[in-house]
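Here the structure comes first, spelled out in structure tokens, and everything after it is commentary.
The values are calculated or read from the model by the stated rules, or taken from the named source; none is laboratory data. As the structure is a computational prediction, the values presented were derived from the model and not from experiment. Glycine also receives a Cβ, built like all others from the backbone with ideal geometry; neighbour counts cover every protein chain displayed. For the accessible areas, the whole protein counts, side chains as well, though only heavy atoms, and no ligand, DNA or RNA atoms are used. Shrake-Rupley method; radii C 1.70, N 1.55, O 1.52, S 1.80 Å.
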Amino acid sequence: MADKEKPLIAKKEKLPTNIRDLTICEATAQMIERARRDGVETTWDRADNMKPCPIGAQSACCRMCSMGPCRVAGKDPYEKTGVCGATIDTIQARNFARMVAAGSAAHTDHGMGMVDLFRGVVDGKITDYKIKDVLKLEAVAKSVGIETEGRETMDVARDLCKELERTYTQVEGEIPFAKRVPEKTLEVWRKEGIVPRGAMREIMELMHRSHMGVDQDYENITRQISRTALADGWGGSMVTTEISDILFGTPTPVVADVNMGVLKEDQVNIIIHGHEPNLFESVLASVNEPTLIAAAKAAGAKGINLVGMCCSGAEMLSRHGIPHAGNFMSTEAVLCTGAIDAMAVDLQCIKQGLVKVADCYGTPLITTNSRCHIEGATHIDFHEHSPKDCTDEIVIKAITRFKNRKAVVEIPQIVNKGVHGFSYEYINYMLGGSFRGSYRPLNDNIINGRIRGVAGVVGCTNVRMKQDWVHVELVKELIKNDVLVLQTGCSQIALAKAGLLTPEAAHLAGPGLAEVCETVGMPPVLGLGSCVDNSRILIAASEMVREGGLGTSIADLPVAGAAPEWMSEKAIAIGQYFVASGVYTVFGVSFPVVQGTKFQKHLFGGLEAKGMGKWDFAIDPHEIAQKMIAHIDKKRKALGIDKARERVLMDMADRQKLEVT
Ligand code: SF4
Ligand code: MSK
């Protein structure tokens, strides 16, 4: 029988009526106000009219066959089974499996597209993109055992491309980046039989095993869930990040502007929203085309203003300092400025509701990817072989809309400057010095207690939470307690808007972390890019283990992760690959399991007993922070470095006392 505990979901009745209770993003709040004045419907209105199904939220229903759908929710979910006899644990595990399969498929299909692009470049069939970062190419090649000494760049690239293809297509053996996993972590995976073979095989097998009447043992299903998620984190996502760096450059810190104030009333404003950097890179080339700049000027504009949103926006922010207008929950709101002359999207996290909002303000909404059409949007197909055919047309459409702008323009005048573009390679040099790049100083500062631990705070924003608030409060609490925070995706943008991605934010950090930040001149919150760039956090964790002094597996490290406002299936896949890699991971909003069931306990503790990490859940940011800090302290104690921290804090208290007297 399940424990009688409260469900793992936030109370989701009607949304608050005060707009300032829906979001802490002032620009978004202003645009929700405008939408209401203009009678334009947004996600917030739809969420208010859509009470989430409490049975679905707990994953207590099954619709895997037409003898159902079967609901097994109730006071005791073990009292009932589905018509076929499936128990609550089987039902939840299969539902969870399909979320992980979908999330992993999204990342790995994105990665497959990057491999196709890379192959086209090395074969000379695609000429609009080039290998930009040869050092990165060589480093990645070496990491998977490819000889680079004295060889032509293109020969190395060709071998690397073939090797990375195995990440997807291999049917036997271990994926190439398994070579990057710390030995003890890999041992745990081998013992459990969860080292991924190839992403296609793992996703296919997970879909098969979660079909009606196949795998009906929640522990066995969880094994394939982990294997598939690892094929994403150490496979599809990692390949995406590495090839993007090779083709477009590895990010290094860059000062850039975030928030809706980056829009310019007197310029042609183009927003690119989605996940694949190749579209965005090509639009960047188009907006710098002298003929198109001249056309914009002839239409009365002072120039063309290219702006990002969501995750491809976060990548362009990191690589080129391209301004960013906001995260997932602001994509409809930004259209309400009336200032957007074209919004072009590729794939993932594109709300269908954008079509109607764009229509209300006369903005062309352009889909570009053959995998993502939206009814009512204009489709211009993007091809890497002739990318500018598509992206020049996007710019021309934007110029035409500028010339005929009818909507009243109202741009919230809010801009937040911050430092973006940290990669795991850069963390090497930032802390280790330009002559001796190494993770030694980071590890030493963790061992001596100045830095208590490292947290990854990532993921989406969600209409069911006060937008950005949970991210910001959580990160403030973590850095106040000397926890260095790494960020990606929409969470990074939330913190950038709150002004925490600046070296000056060090004054909000605890004394130890502040001292490190001030010495190095870095922010206490480091932005690493988009949601596929969570793989950078995995590599950073591996480097910390390899450097020594913090245990022998990722599970030994004083680190923790959180996605406090998650919404997409990709986030569940990310959470699972962090947990399977050994990281304690806390999610907010809701967790798709029934509290107290065997499957829930397996995710929230059983995996840890096998040498992996574990899931946890909390809604309140301060509670999430306390849970993460408690875990970090538990790991410090196990490593025997808890005493060092006590001494550091005593020293600081003494120093403060001295300063007062
Ligand atoms: Fe019901 Fe079993 Fe069919 Fe699921 S697979 S819908 S539990 S009968
Ligand atoms: S865009 S997956 S809302 S982070 Fe990557 Fe943001 Fe989450 Fe989409």
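Things worth noting here:
- In straight-distance terms, cross-link reach from K634 covers every one of the aspartates and glutamates whose alpha-carbon lies under 17 Å from its own, apart from those fewer than eight places away in the same chain; here that gives D482, D556, E608, D616, E623, D642, E646.
- Amide H partners (placed H, <5 Å) of D616, local residues excluded: T585, V586, F587
- Rounded Å value of the spacing that divides the Cα centres of the stretch 136-170 and the stretch 539-597: 29 Å
- More than 14 angstrom apart: percent of Cα pairs within the stretch 19-71: 66 percent
- Annotation: amide H of L486 within the under-5 Å range of A455, G456, V457, L526, sequence separation 5 or more or interchain, hydrogens built in the peptide plane.
- Positive-end residue of I447, I32, L603, charge dipole of the chain with Cβ unit charges: L603
- For the chain, share of DSSP beta bridges that run antiparallel, in % to the nearest 5: 20 percent
- For K610, solvent-accessible area (1.4 Å; no DNA, RNA or ligand), Å²: 70 Å²
- Placing unit charges on the Cβ atoms only, positive for Lys and Arg and negative for Asp and Glu, gives the chain a dipole magnitude near 1220 debye about its Cα centre.
- Calculated [222 nm] ellipticity per residue, helices only, for the chain: -14500 deg cm²/dmol; basis is -39500 (n - 2.57) per DSSP H run with n ≥ 4, divided by all residues, nearest 500.
- Each residue of the stretch 572-587 was assigned a 3J(HN,Hα) from its phi angle through the Karplus curve 6.51 cos²θ - 1.76 cosθ + 1.60 (θ = phi - 60°); the sequence is 5, 4, 4, x, 5, 6, 5, 4, 5, 7, x, 9, 6, 10, 10, 10 Hz, with glycine and proline shown as x.
- FRET E, pair V255, D444, Förster distance 25 Å, beta-carbon r, rounded to 0.05: 0.30
- Relative contact order (percent, whole number), the stretch 1-132, Cα cutoff 8 Å, 6+ residue spacing: 18 percent
- Per-residue SASA remark: T519, around 110 Å² accessible (1.4 Å probe; ligands, DNA and RNA not included).
- Dipole magnitude of the stretch 418-639 about its Cα centre (Cβ charges: Lys, Arg +1; Asp, Glu -1), debye to nearest 20: 520 debye
- Translational D in µm²/s for the stretch 419-483 (Stokes-Einstein at 4 °C, 1.567 mPa s, Kirkwood Rh from C-alpha pairs): 94 µm²/s
- In the stretch 88-248, taking the dipole from charged Cβ atoms about the Cα centre, the farthest positive-side position among G124, T169, A97 is held by A97.
- Length-normalised contact order for the chain - Cα pairs under 8 Å, 6+ apart - percent: 17 percent
- Beta bridges by DSSP in the stretch 260-403, antiparallel share as percent, to the nearest 5: 5 percent
- Sequence-distant residues sharing a close amide H with H275 (under 5 Å, placed H): S312, D346, L347
- Volume in Å³ per residue [convex hull over Cα atoms, computed for the stretch 116-261]: 182 Å³
- Rounded, prolate or oblate (a/c below 1.5 giving rounded, otherwise prolate when a/b exceeds b/c) for the stretch 305-418 by Cα gyration tensor: rounded
- Remark: the chain is approximated by an ellipsoid whose semi-axes, taken from the C-alpha gyration tensor as √(5λ), come to 35, 31, 28 Å, largest first.
- Förster radius 35 Å - calculated FRET efficiency between D266 and D45 (Cβ-Cβ, nearest 0.05): 0.65
- Nitroxide proxy distance, nm - points 7 Å out along Cα→Cβ at K191 and E518: 4.5 nm
- Placing E543, E242 in order of accessible area, with the largest value first and a 1.4 Å probe, yields E543, E242.
- Binned Cα-Cα distances of the stretch 78-175, short to long, each 5 Å bin given as a whole percent: 2, 11, 16, 16, 14, 10, 7, 6, 5, 5, 5, 3, 1, 0
- Values of log10 I(q)/I(0), in the order q = 0.09, 0.10, 0.15, 0.18 Å⁻¹, for the stretch 485-631 under a Debye, Cα-only, solvent-free model: -0.30, -0.37, -0.84, -1.19
- Per DSSP, loop chymotrypsin sites (Phe, Trp or Tyr not before Pro) in the stretch 40-145 with at most 16 further Cβ within 10 Å: Y78
- In this structure H602 has an accessible area near 20 Å², from a 1.4 Å probe over the protein heavy atoms.
- ³J(HN,Hα) computed for each position of the stretch 245-255 - Karplus, 6.51 cos²θ - 1.76 cosθ + 1.60, integer Hz, glycine/proline x: 5, 4, 7, 10, x, 6, x, 10, x, 9, 7
- Dipole of the chain, positive end: most advanced residue of V472, A344, H373 [Cβ charges, Cα centre]: V472
- List R190, R536, R46, ordered by accessible area with a 1.4 Å probe, largest first: R190, R46, R536
- Net lengthening on full extension, H507/K637 (0.36 nm per residue, minus Cα-Cα): 44.1 nm
- T291 versus K388: modelled label distance in nm, points set 7 Å from Cα along the beta carbon direction: 0.8 nm
- Each of D76 and R37 was given a label point 7 Å from its Cα along the Cα-to-Cβ line. The distance between the two points is 5.9 nm.
- Fully extended contour minus Cα-Cα distance, from H622 to E410, at 0.36 nm per residue: 72.8 nm
- Tally of Lys pairs whose C-alpha atoms are under 24 Å apart, taken over the stretch 260-403, 8 or more apart or cross-chain: 16
- ³J(HN,Hα), Karplus 6.51/-1.76/1.60, whole Hz, each residue of the stretch 220-227, x for Gly, Pro: 5, 4, 4, 4, 6, 4, 5, 4
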